[in-house]
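These notes concern the structure reproduced below.
Bear in mind these aren't lab numbers, they're just calculated from the coordinates by the rules spelled out. Note that the structure is a prediction, hence the values are computed from the model and not measured. Glycine also receives a Cβ, built like all others from the backbone with ideal geometry; neighbour counts cover every protein chain displayed.
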Amino acid sequence: MIYKNFIYFIVAVVLFSVAPITQNTLFSPLEDILSIMLILMIFSHLNRMRFVKLKKKFEERDGEDINIKRDIVKNIDKNSFLALIFFSLELFVFDLKPILYSLFGFSGIGTFVNISMIAVFILHLAIIWYWSFRFFGEEIGYGLNPYKYIIENIKFNLVVLIPWIGITLLSDILGLIKIEWVVRNSSSFLFQLVFLILFLLLFIFLSPSLIVRMWNCSEMEEGNLKRSILNYSRAQGIEFKKILYWNSFGGDLITAAVIGFFKRFRYLLITPGLKNILNDDEMIAVISHETGHVKKRHLFYYLLFFIGFIIIGSGMITLVELAVLNFQFGFNMFFNLSNNSGTGFFNFFIASVYIIFFIVYFRYIFAYFMRNFEREADLFCFESDVDPGLLISAFQKIRFLAGNEKRGSNWHHFTIGERVDFLTECMKDKRIIRKHGSKVKKSIISYLFILLIFTFFSLSPSTTLSIRKFETNIIIKALEKKIDSSPADPRLYATLASLYYEQSKWKLAESNYEKSLYLNENQPEILNNLAWLLITCKDESVRSPKKGLRLALQAIRLKEAAHIFDTLSEAYLANERYEDAYKAAYNALRTAVDNIDYYKKQLDKMRGELKRSKRTIKL
C-alpha cells in the first residue's frame, strides 16, 4: 500500500510544481474556489456510488467466490488515480496554485504552500478512505471508526512526506539567505543532485524514528520468541536497535518489515496480526526473509534506484522539453495560446511526459528489482539453515487469512502462490538458487552501467553546451514572435542581438543592435555592446573600428562605467590611438568596483602597447 501511495504523492507534487502560478482569465478567483468545492462534491459522490455498487455486488454474490478485499483495494486504487485527474483539473483549469499562494502570501517561502497542497490532495484521498470504510468497515476497518481509519492512513503516509517538507523548508531558507554560490548554481544538474542526496540522507536518518512514532510501534515483550529472533539475527551478523510490534490499523495487518539502513537506526517490525497466526518456528522463517533484505543490501539498492530515477528522469525530461520547443508545433503550443493558458498547457504536457516516465520506471524497472529482491530474500532461508518448508507454511497461513489468491497480478511482489511454487522448485533443484542470484547481479550491473552513462552525459560540458544552445534557440524564437506583436520595443531587439552575439551570428547581432538604437539612441549599454562587437569581431566584413570608437564615445558620455571605459580603451587601440587607449584603461581601473585584477591587466596591456608605439606619456 505504501508503494502505491508514494507514487500518488510524487505525481501530485510533480503536477503542482509545473502548474502555472499566475491567474488565468477563464474564471474569477471566487468562481475558481466555488468550482473546486463543486469538484470535491462530485468526487465524493462518485466514490460513494462506486462503493455502493461494490457492496451490492458483494451482497448478491449468491455463493460465488469473490475476493472482497482484493476488490476493495482495486476500487481504492482506481479512485486514487481518479483523485489525480480531479486534482489536475483543479490545478490547470481552476487555479488552485494561485489561490493557495494568495491565501498564504509568504513571499519566497513555498513550504507553507506545499504543505497546503499536500493537505488538499490528502483531502481527496480522505474522501476515498471515508467511503470505503463506510461500506466495508468490517473488512478493512480493523476495529476502527471512519475518522480514526482516515487518521491512521494519514499517519501511514506522513513518513514519506515529512522529509520532503523538511528539504523544501531548507530550500526556502537557502533562498531567503541568498548565498551567492547557491543562487548561481541552483539550476545546475550537479546542485540538484547534491540537494537530492541531502534529501535522501535526511530520509535515511529521520524516517526510522518517524515510522516508529507514526505507525504506533511498541517494543516486543521479553520471551522465547524475542530471544529466538535475536539469536537468529545475531548468528547472521545482523543487529536491530529494537524489535517492535507494528500496531497501525489496530495491529491487524499481517506483515513484517525491516526499516533503517544502519544498525543504530534499524528496527524489526512485526504486526500482532502476524504473530498471532504463526508459531515461533514459522516466525523465524519470516524473519529470515527480512534478514535476507539486510544481508543482500536491498535497502541501499532501493536508494540507488531513487537517485537513478532523478538522474535519468531529469536528463530525459530536459531533452524532451527542449526538443518539443524546438519543433514548430511545440513552440506554437507554448506561445500561441492566449495569456498564460499556453504555458500552462505546455507545462501540463511536460508533466504528463514526466508522470508517464515515472509510472514506467517504477511500475516496470523498479518493480522488476523489487520482485526479484523479494524472491532473493525468500531464498535466504537456504543460506541461513532455516527450513524453507516453514516459510512455505507461513505463506500458506498468510494467504488463507489475507484472502490472497494463488494467482493474480502484483506489480511489486510475486504472489504468495508464485513464491510458494518457486521455493518448492528450489527445494528440488538447488541450482535454481544460484541462477537467480546470478540473474540479480547481472541486472544490477546492467542498471549501474546505464546510470553511469546518463550521469556522464548529464555532467559533461558538451551536454551543458548543447542544452544551452537549444535554450537560446527557443528564446530567439520567442523574441522574434514577441517583436511581431511589439515592433517598437527597443529592449526586444537588444536582447535578440545579445543572443545572436552568443551564437556568433555577428551580422544578425549588429542588425538588431542597430534597430534597438534606431528606436532609442540613448542606451549606453547597447551602444557599448555594439561598439565592442564592431571592434573585436572576427568577421572582417563586420569589423568597423572607426564606427566602434564613435559609439563607445557616445556611450561614455551617457554613462561613465568601468566596462564602458574598457570598451573605449579597446576602441582607441583598434584605431591606433595608444595614448588615449592607456588613459581610458586608467579610467576603467579608477572607476571599477569589482573585477579589479582584470582592469589592472588591461592597463598593463595598454601600457605595453604604448611603449611599443615608441610614444611617451605626460602625466
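Counting only Cβ charges, +1 for Lys and Arg and -1 for Asp and Glu, the dipole size of the stretch 487-612 around its Cα centre is about 300 debye. Rounded to the nearest 0.05, the FRET efficiency derived from the C-beta distance between K74 and I359 at R0 = 22 Å is 0.80. Of the peptides 538-551, 255-268, the order by per-residue mean of other Cβ atoms within 10 Å, starting with the highest, comes out as 255-268, 538-551. Place a point 7 Å from Cα of R590 in the direction of its Cβ. Which residues in the stretch 520-555 have their backbone N less than 20 Å from it? The answer is 552-555, whose backbone nitrogens lie closer than 20 Å to the label point.
Of the residues V286, V11, V73, the one with the fewest other Cβ atoms within 10 Å heads the list, and the complete ranking is V73, V11, V286. Segment K53..N575, full-extension length gain: 179.1 nm, with 0.36 nm per residue of separation and the alpha-carbon distance subtracted.
The protection proxy used here, the mean number of other Cβ atoms lying within 10 Å of each residue, ranks peptides 153-165, 425-437, 46-58 as follows, highest first: 153-165, 46-58, 425-437. Available extension along the chain between Y518 and E219 is 99.7 nm, counting 0.36 nm per residue and deducting the alpha carbon span.
Highest-first packing order for the peptide set 210-220, 555-565 is 555-565, 210-220, based on the mean count of other beta carbon atoms within 10 Å. Scalar couplings 3J(HN,Hα) for the stretch 130-137, obtained by applying the Karplus form with A = 6.51, B = -1.76, C = 1.60 to θ = phi - 60°, are 4, 6, 5, 6, 4, 9, 9, x Hz; x denotes Gly and Pro. The string of couplings for the stretch 81-87 from the Karplus curve (6.51, -1.76, 1.60, θ = phi - 60°) is 5, 4, 4, 5, 5, 5, 4 Hz, one whole number per residue in order, with x for Gly and Pro. Cross-link pairs exceeding 32 Å in C-alpha to C-alpha distance, out of K242/K296; K97/K263; K69/K97; K275/K296, comprise K97/K263; K69/K97.
In terms of its alpha-carbon gyration tensor, the stretch 211-301 comes out oblate; a/c meets the 1.5 threshold, while b/c is at least as large as a/b. Please state the shape class of the stretch 520-619: rounded when a/c is under 1.5, otherwise prolate if a/b exceeds b/c and oblate if not, all from the C-alpha gyration tensor. Since a/c reaches 1.5 but b/c is at least a/b, the shape of the stretch 520-619 is classed as oblate. Put in order of Cβ neighbour count within 10 Å, fewest first, the listed residues V194, V14 become V194, V14.
Placing R0 at 25 angstrom, the Cβ-Cβ distance between F81 and I165 gives a FRET efficiency of 0.55 after rounding to 0.05. Just name one of F382, Y354, Y364: the one whose Cα is farthest towards the positive end of the charge dipole of the stretch 354-393 (beta-carbon charges, Lys/Arg +1, Asp/Glu -1). Farthest along the dipole direction, towards plus: Y354.
Available extension along the chain between E560 and L40 is 181.1 nm, counting 0.36 nm per residue and deducting the alpha carbon span.
Within the same chain, lysines fewer than 8 places from K515 are excluded, and of the rest, those with a Cα less than 29 Å from its Cα are K469, K477, K481, K482, K505, K507, K538, K546, K547, K559. Projected label points at S486 and I450, each 7 Å from Cα along the beta carbon direction, are separated by 4.5 nanometres.
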